[in-house]
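This report refers to the structure that appears directly beneath it.
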Amino acid sequence: MSITTTVAQPWIVGGVDAHKDTHHAVVLDGHGIRLADRAFPATLVGYQQLLNWLRSVGSIDRVGVESTGSYGAGLARFLESQQIRVLEVNMPHAHIRAKKGKDDLIDAEATARKVLSGEASALPKVTTGVIESIRLLRIARESAVKARSVALVQLQDVLITAPVALRESINAKGGRGKSSQCAKLRPDTTRLSEPAQAAKMTLRSLAKRIETLEEEIAVLDGQLDPLVMALM
């Protein structure tokens, strides 16, 4: 009677140097010996290939991922969804690169070694659920607010140098009031070679842009408010 024995896989740690298009992964065993390395596309298919490859090398203990707030975010979410323990790893120290140069393999191995040594112990930032939704919507809102501020400043600057009759006709006190008045200007587009008409066109264009941005901000506020309230 023959007896079949199963050899247990060694436990391993992984390290991933994440980039926009590719992720370079390295595997270390429990003694810090590099077992393998390989690059994968930064796509859903690539994430699955990377996980399958890690599992083929050994029993995964932890995986360190660089840039979990940017290029590594998608991979970190995927691995966590597959019950893999993921740790956030900061970029390698400058002196490491100075000695060895910039290399994806070097960075990935440095990432794995930080995990193995326990130097890397932080969990990736949460990028799922309502908190992530709020963060994303706030990016759009902040961008719209900045663009509106720029347009308001530009409108004020144009008014300072506009022909005096036009400048004095825009007599509202605040920037928003001036913008509302400028939105009602009717430039003669057949006479744009005249500075007065070109100024009217410019002011009206900036004012309309401000109106559009204010509408966008109001819409985003309406979307953000219930999400924020749900966390309170």
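Please go through region 136-152 and pick out each residue that is surrounded by 12 or more Cβ atoms within 10 Å (Cβ to Cβ) and free of Cβ contacts under 8 Å to residues at least 40 places away in the same chain. GLU142, SER143, SER149, VAL150 - these are the residues of region 136-152 that are surrounded by 12 or more Cβ atoms within 10 Å (Cβ to Cβ) and free of Cβ contacts under 8 Å to residues at least 40 places away in the same chain.
Among residues of region 68-84 that are farther than 15 Å from LEU54 by Cα, those with a beta-carbon under 6 Å from a residue that is acidic (Asp, Glu) at least six positions away or on a different chain give the pairs THR68/GLU88; GLY72/GLU66.
Do the conditions hold for ALA144, that is, is it aliphatic (A, V, I, L, M) and farther than 30 Å from ARG77 by Cα? So ALA144 fails the test.
For region 53-66, filtering for residues that are more than 21 Å from GLY30 (Cβ to Cβ) and modelled with pLDDT of 95 or more leaves 0. Within region 194-209, the residues that satisfy the criterion of being within 18 Å of ASN171 (Cα to Cα) and of a type in the set (A, V, I, L, M) are ALA196, ALA199, MET201, LEU203, LEU206, ALA207.
Within region 153-167, being among the hydrophobic types (A, V, I, L, M, F, W, C) and closer than 15 Å to LYS200 by Cα holds for LEU155, VAL158, LEU159, ILE160, ALA162, VAL164, ALA165, LEU166.
Of all the listed residues (LYS208, LYS184, LYS173, LYS178), the sole one being buried (at least 17 other Cβ atoms within 10 Å of the Cβ) and either among the basic types (Lys, Arg) or outside the structural domain of ILE139 (by TED's automatic domain parsing) (or both) is LYS178. Set side by side, the residues ALA172, ALA165 differ, and just one is of a type in the set (A, V, I, L, M, F, W, C) and in a helix (DSSP H, G or I), which is ALA165. Under the condition of being assigned to a helix (DSSP H, G or I) and either hydroxyl-bearing (Ser, Thr, Tyr) or modelled with pLDDT of 90 or more (or both), the residues counted in region 113-133 number 6.
The values are calculated or read from the model by the stated rules, or taken from the named source; none is laboratory data. Quick caveat, the model's predicted, so the values are computed rather than measured. Heads up, the Cβs are rebuilt from the backbone with ideal geometry, glycines too, and the neighbour counts pull from every protein chain shown.
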